[in-house]
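What follows is a set of notes on a single structure, which appears directly below.
The values are calculated or read from the model by the stated rules, or taken from the named source; none is laboratory data. Remember, predicted model here, so these are calculated numbers, not experimental data. Counting neighbours? That spans all protein chains shown, and the Cβs are built from the backbone with ideal geometry, glycine included.
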Amino acid sequence: MKVIFLDIDGVLNSERSIIAFAYKAKDETDEPYGIRFAKATIDPVSVGLLNRVLREFDARIVLSSTHRSHFDEPDRLKKIQEYLTSLGVEGDRCIGFTPKLHTMRGIEILTWIEDNAHVYKIENMIILDDSSDFLPIQKEFHVYCEGGNGISEENYRKMTRLFGREDSGLILL
């Protein structure tokens, strides 16, 4: 199984999309402001690039973003899947979320892998994030997104290489 450890802020939304769309977060809904803000400022191009990698490689998502804290039990995973779907992401591909250990994100990712190794056979992984607090052994799997722009064409190409496809220079498949 191919897994993408997914951050949201700076990856699926960005300074660019926040400047363009933050005014939409003022809409009156009963959702907490953090959720409403994320939905309003999501970057459709970043979401499209992520969804393309998910489909092309039949990959799965593990949410490593602080957004995982927006949801409580019962049915936390289902709520996260619905949330990702509301952002335009293929939310049904989400199989879990990292634990909140109040430490570096790399340790939270490693803990999730260790806790779930008996359930999922991870062939390959990507850590899609705009931060860099990962363990040295995770650096080769990190796809750094510039927080000002979200997922870029260069990030898309790196993800496809990490999942085993040689870069032909053509992306219209």
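A few remarks follow.
- For Leu87: the one exception among (1) out of contact with any Cys (no Cβ under 7 Å at 6 or more places or on another chain); (2) closer than 19 Å to Gly34 by Cα; (3) free of Cβ contacts under 8 Å to residues at least 60 places away in the same chain: (3)
- Taken as a whole, the condition of being within 28 Å of Asp115 (Cα to Cα) and surrounded by 14 or more Cβ atoms within 10 Å (Cβ to Cβ) applies to Arg93.
- Among the residues listed as Ile4, Ile80, the single one being within 13 Å of the chain's Cα centre (by Cα), of a type in the set (Val, Ile, Thr), part of a helix (DSSP H, G or I) and crowded, with 21+ Cβ neighbours inside 10 Å: Ile80
- Ile107 meets each of the listed conditions (1) within 24 Å of Ala38 (Cα to Cα); (2) at pLDDT 95 or above; (3) not polar (S, T, N, Q) apart from (1).
- Residues that are assigned to a helix (DSSP H, G or I), within 15 Å of Leu128 (Cβ to Cβ) and free of Cβ contacts under 8 Å to residues at least 40 places away in the same chain do occur in the stretch 63-71, at least one of them.
- Residue in the stretch 136-154 that is over 15 Å from the mean Cα position of the chain (by Cα), buried (at least 16 other Cβ atoms within 10 Å of the Cβ) and either within 23 Å of Pro32 (Cβ to Cβ) or at pLDDT 95 or above (or both) present: yes
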